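What follows is a short report on a single structure.
The values are calculated or read from the model by the stated rules, or taken from the named source; none is laboratory data. Because the structure is a prediction, the values reported are computed rather than measured. Virtual Cβ from ideal backbone geometry, glycine too; neighbours counted across all protein chains shown. Side chains included, ligands, DNA and RNA excluded: accessible areas come from the protein's heavy atoms. Shrake-Rupley method; radii C 1.70, N 1.55, O 1.52, S 1.80 Å.
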Amino acid sequence: MMPSRAPHGRWWLRAAGLAMACALMVWPGSLAAAPQGVAPDVLVKAAFIFNFAKFTEWPTLPPTASIITCVVGDDEMAAALVATIRGQQISGRAVEVLQPADPATWPACNLLFVADRETRQAAGGLTTVKTRPVLTVSDSKDFARSSGIIELYLEQGRMRFAINTDAAERAGLHISSRLLGLARVIRDRDAQ
């Protein structure tokens, strides 16, 4: 008799496969730059976040300015993003990763990832960037239905994302129709 698999066994296989596919998209040379000890699901999320930035326009961002990607509450994600963006540009722009501790500095971020475990403490800071050109992303449940723009979630063992297009519009961001076509689109009326 074959031993039964753990219920999440397939999820990890799929996640590892997707991580590899995403890694090849953003690390064209090799996976040698992948940080040691970073969980496959974190690498997948980092690849998604990098691609969210690729398919978003910040109309008020000066042409030569870097895209500042901020990470709150997740050192492992910050390391994965640093490895993901190493040597990469988005539309000729450099991409930087910061870990701002003070929410007062969050409006300077172009993309702000807030880890699930930090969203409650970050609520005030998230409110201050709600109408600023900051692409907010989290893996917190119902993030896109509350204050955020993009929510990462698992569905049938696959990483998915939801985009609140009303929140993106309020922030003055243009999200590519190609990215919206892959997302579960949420409107403010859906959040009621």
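The figures follow:
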read-out: From the options 126, 112, 154, 182, residue that is aliphatic (A, V, I, L, M) and part of a loop (DSSP other than H, G, I, E, B); value: 182
read-out: Unique residue being modelled with pLDDT under 90 and part of a loop (DSSP other than H, G, I, E, B) when the list is 63, 133; value: 63
read-out: Filter pass, residue 43 being outside any helix (DSSP H, G or I) and either in contact (Cβ under 8 Å) with a residue 40 or more places away in the chain or more than 15 Å from the chain's Cα centre (by Cα) (or both); value: no
read-out: Single unsatisfied condition, residue 102 versus (1) touching a residue at least 12 places away in the same chain (Cβ under 8 Å); (2) among the acidic types (Asp, Glu); (3) open to solvent by 40 Å² or more (accessible area, probe 1.4 Å); value: (1)
read-out: Set 172, 157: member being modelled with pLDDT of 95 or more and out of contact with any strand residue (DSSP E or B) (no Cβ under 9 Å at 6 or more places or on another chain); value: 172
read-out: Count of segment 69-101 residues which are under 21 Å from residue 143 (Cα atoms) and not in a helix (DSSP H, G or I); value: 9
read-out: Residue among 72, 82, 129 that is open to solvent by less than 10 Å² (accessible area, probe 1.4 Å) and either more than 24 Å from residue 166 (Cα to Cα) or not basic (Lys, Arg) (or both); value: 129
read-out: Breaking point among (1) open to solvent by less than 10 Å² (accessible area, probe 1.4 Å); (2) closer than 24 Å to residue 42 by Cβ; (3) in contact with a Ser or Thr (Cβ under 7 Å, 6 or more places away or on another chain), for residue 171; value: (2)
read-out: Condition check for residue 122: over 12 Å from the mean Cα position of the chain (by Cα), open to solvent by less than 10 Å² (accessible area, probe 1.4 Å) and at pLDDT 95 or above; value: no
